[in-house]
Amino acid sequence: MSDSSTPAAAAHDAHGAHHTNYVKIWAILLGLLVVSVVGPMLGHPVLTMITAFGIAFVKAFLVIKYFMHLTVEKKYIGFLLLTMLAIMLVFVAGVAPDVMKHEGQRWTNNAAIDAVEKGLKEGGGHHGEHPAEAPRAEPH
């Protein structure tokens, strides 16, 4: 029987109404990890990407909700989190076109071009076919 006459017991009763089963959440995270490791072995790239990002989202949500305790923080924490994620997405969208190119207006990434050519020579082409080689642009 609990004695709520002590201040510690009263504080526990006031805050102890909601208990989280951390072992259950850990088991769910572990199961999602197994799915995310086994998924790519099925050989379906589109399905792998969808499930990988979906599982990553669910795992991040569970960690944020149950282990980081952001649900009990003030409301501005959520606003800051969403703002930070939006800024990161804008950054990735801004730099991705440049990072994923091999050539630009006044530059050429010869190392990337050589790596692609080497991969194609080693049999990395799609279904054994090699695309027509594009002429290599020389730096200005």
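Some values worked out for this structure:
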| quantity | calculated |
| --- | --- |
| Test: residue in the range 94-107 that is on the phi < 0 side of the Ramachandran plot, out of contact with any Leu (no Cβ under 9 Å at 6 or more places or on another chain), in a helix (DSSP H, G or I) and modelled with pLDDT under 80 | yes |
| Scan of the range 39-67 for residues that are over 17 Å from the mean Cα position of the chain (by Cα) and loosely packed, with under 13 Cβ neighbours inside 10 Å, ordered by number | MET41, LEU42, GLY43, HIS44 |
| Residues satisfying the stated conditions in the range 56-80, i.e. of a type outside the set (Phe, Trp, Tyr), more than 20 Å from ASN21 (Cα to Cα) and assigned to a helix (DSSP H, G or I) | ALA56, LYS75, ILE77, GLY78, LEU80 |
| Pairs with Cβ under 6 Å, 6+ apart, first in the range 77-103 and of a type outside the set (Phe, Trp, Tyr), second part of a helix (DSSP H, G or I) | ILE77/LEU70; HIS102/ALA112; HIS102/ILE113 |
| Number of positions in the range 81-119 that are among the aliphatic types (A, V, I, L, M) and either more than 22 Å from PHE57 (Cβ to Cβ) or assigned by TED's automatic domain parsing to the domain that holds ALA60 (or both) | 8 |
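The values are calculated or read from the model by the stated rules, or taken from the named source; none is laboratory data. Model, not experiment: these values are computed from the prediction. Glycine also receives a Cβ, built like all others from the backbone with ideal geometry; neighbour counts cover every protein chain displayed.
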